[in-house]
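Throughout, read-outs are computed from the coordinates displayed, never taken from laboratory work. From a predicted model like this one, the values you see are computed outputs, not experimental measurements. All Cβ positions, even for glycine, are placed from backbone atoms using ideal geometry, and neighbour counts span all protein chains on display.
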């Protein structure tokens, strides 16, 4: 029996007539199973890809200091104008401040509102903000659904009222997210195609990536909104995913959208779009890394490892032969001078 | 301006420049340089240079790479480039920058936010070859193809580019069209660093192919490691020169000073950019006077390289960088000083205080700091009396990128100026958002061919605009104005650029350091330390 929850109809009962609405309306178990497999595969590949990327960056050696001011973890007074502990005499006698609150606030502003883009590239900020806001909403919707499904809230024996309310929230948030993603991606596509500034740095894949987002989320949103009577609600579908219930009926368009979205999730970690991972390193590990070299710190061990590396640079003045370490090269004059 | 350059043009086999700049294409300047007709015509490259050197990028030539004579020679050079490219992404060879470089290679979205922050791109009239991503995009495509061994799928994903000698030759020049100020990196939403790309390319060319501008290699770091200073001064000469400065300053100020040399166990080892001793002797003289009057227990060192704070390796070569940093630390260790204080030299600040921090271990890790907090504490401490009325003329402050954006020393110099200069006014933007002087990363000392024309018209243009706007209410010659630049390299750029545009003669804009302003305001010193004479 369909129930009305706010503006959107949420199907609680699954009385679908499998096969009664062939083609675009809803399908038999094959599509459902394919969608489930795509979701699981997409999730696994996404997580594996993310872990691989983290591993690649985390195992690189300790780099030389290369920070850029302002640093948000400085004292709030200094962070406001970009000052550092170097502004005091004998800074090494004073403890290093770690203003985690300041750092957290800057992160929130950057992640949620794309502060850098807003400040330095306002024209691009609007489409990018729409796009990223959409992503966050979709992530919230998926996360909420997954948690609820895993916690059994959506189980048959669970509360129908709770499932219904949760389902309506998820639908509103998810559809809004998809609309924002598609709008933002379309605007980004227009910008990238029409602005000569992007010409030299735009690759075929950049256009493909935006089209991929547009296609996946257009299909998911339109597929869900135009689903036939008897098609599964979000709650039912989520429950079905967790239990691999092939009896759940979904529309072809919705299913195709989910398969595309899953493929997209699997693809992202292997592209530059994984900048949500890179950004941890570029900001925290490079821009904001002002850790001091103090005796007894783990930094000293990493420094010793680095200085023992044996370069093979070929230019004569380096004096590298693959046997001498960086420490030895630094301690010796260039071969031309020795002569 | 030439038509819009495409990325693939860098592989063009002809040796013709990709772009030609006209003054009309450049960013407009304010009064008194408003109008194309008020700008100077560019000097052209000589036919001899064009015929002998690779000048296929733009209207100038910074590195003077000889043209290979045969196809085989070209192929050998390309092969060496590829070997160096591999090493750039290898931890044994490039542990110091591997992580930020990988991140920059793999995550740029091409959003062009960096382009809006780049003073060179803006000043050039947004010429495509100076776009920060132009250089980076070439390296990125080479990285995915030749280091990651990408095939067709990679080319589709990351783009492709034809590697040949003309590309390498143009890339060498292009690595020297960036001031390494990293303003682009500061604005990047992802945290990619196109300044780092230029830095790493310079390293590849120097460390693998032995290619670097003569001014920063042979006459720079090599000379410093051989003689003791890139100025060519050995210890004896530097001591003589400083003795002369002491004498001159004592006479001018009425206060007797003697610069102490090689004092064991001193509190402070002061290291100047030795260029100051040669070109602006009043600067080390002012330092000596201030430290003497403040009662600081200080010394200078006559050990090899330890009386010259410069470390040009910072701009192009990690091995040269490490060697010089080590010399500075060893000198301090041998003297048993408590700390090293760096004088008015921006890149020396970053080199020794920041970058070398993860190289100097054990007893070589001697505390290092900027002179600015010390100077601020002296000025505000009350031990020395000041008469700020002596500095009652318009003063603006240039923020050297290496001290400010890259080290976070922002306020001490401002506290001093607020205390001592009643007419102090900021440039906009300033502090960590400042613009480079245009001479950064070695440009200020690179004067070969017509390169100075490029740095006055393009890399220095944004700063010139800032200076003129800061003084727009008093541009007339009746008001002497002081551009305070607490960095030797920046002063070199200002000396040349202000002279080029005749802004001292016509508008009475003088440049100088911060310590000179401090001494000028000292109540116990004879008035008129700043002489308002061009030098």
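Please state the shape class of the range B:57-154: rounded when a/c is under 1.5, otherwise prolate if a/b exceeds b/c and oblate if not, all from the C-alpha gyration tensor. Because a/c hits 1.5 or more and a/b fails to exceed b/c, the range B:57-154 counts as oblate. For the range B:160-200, there are no residues whose amide N sits under 14 Å from a probe point set 7 Å from the Cα of residue B:218 along the beta carbon direction.
List the relative contact order of the range B:172-308 as a percent without decimals, with contacts defined as Cα pairs under 8 Å and 6+ residues apart.
Numbers: 168 pairs, mean separation 31.0, N = 137.
Computed value for the range B:172-308: 23 percent relative contact order.
Based on Cα contacts under 8 Å between residues 6+ apart, chain B shows a relative contact order of 15 percent. When a/c reaches 1.5 or more, the comparison of a/b and b/c decides; with that in mind, is the range B:7-207 rounded, prolate or oblate per its Cα gyration tensor? Oblate, because a/c is 1.5 or more while a/b does not exceed b/c. Which of the three applies to the range A:94-214, rounded, prolate or oblate, going by the alpha-carbon gyration tensor with a ≥ b ≥ c and a/c under 1.5 meaning rounded? It comes out oblate by the Cα gyration axes. To the nearest ten degrees, helix B:282-294 and the longest principal axis of the Cα atoms of chain B are 50 degrees apart. A straight chain from residue B:24 to residue B:75 at 0.36 nm per residue would run longer than the Cα-Cα distance by 14.4 nm.
Size estimate for the range B:385-520 follows the Kirkwood approach: the inverse of mean 1/r over distinct Cα pairs works out to 15.0 Å.
I need the per residue convex hull volume for chain B, using only the alpha carbons, in cubic angstrom as a whole number.
Numbers: hull volume 74.9 nm³, N = 535.
Here the figure is 140 Å³ per residue.
Report the label-to-label distance for residue A:314 and residue B:4 in nanometres (one decimal), using points 7 Å from each Cα along the Cα→Cβ vector. Label-label distance for residue A:314 and residue B:4, simple model: 3.8 nm.
On average, how much area does the Cα convex hull of chain A cover when viewed from any direction, in nm²? Write out the running numbers ahead of the final one.
Numbers: hull surface 99.6 nm².
Orientation-averaged projected area of the Cα hull: 24.9 nm².
So what's the Cα pair-distance distribution over the range B:217-375, bin width 10 Å, in %? Binned Cα distances yield the sequence 12, 44, 35, 8, 1.
Axis of helix B:371-381 versus longest Cα principal axis of chain B: the two differ by about 30°, to the nearest ten degrees.
Let me check against my output: what whole-number percent is the relative contact order of chain A, with C-alpha pairs under 8 Å and at least 6 apart? Mind dumping the intermediate values first?
Numbers: 432 pairs, mean separation 91.0, N = 339.
After rounding, I find 27 percent.
The angle separating the long axis of helix A:252-267 from the principal Cα axis of greatest extent in chain A is about 10 degrees.
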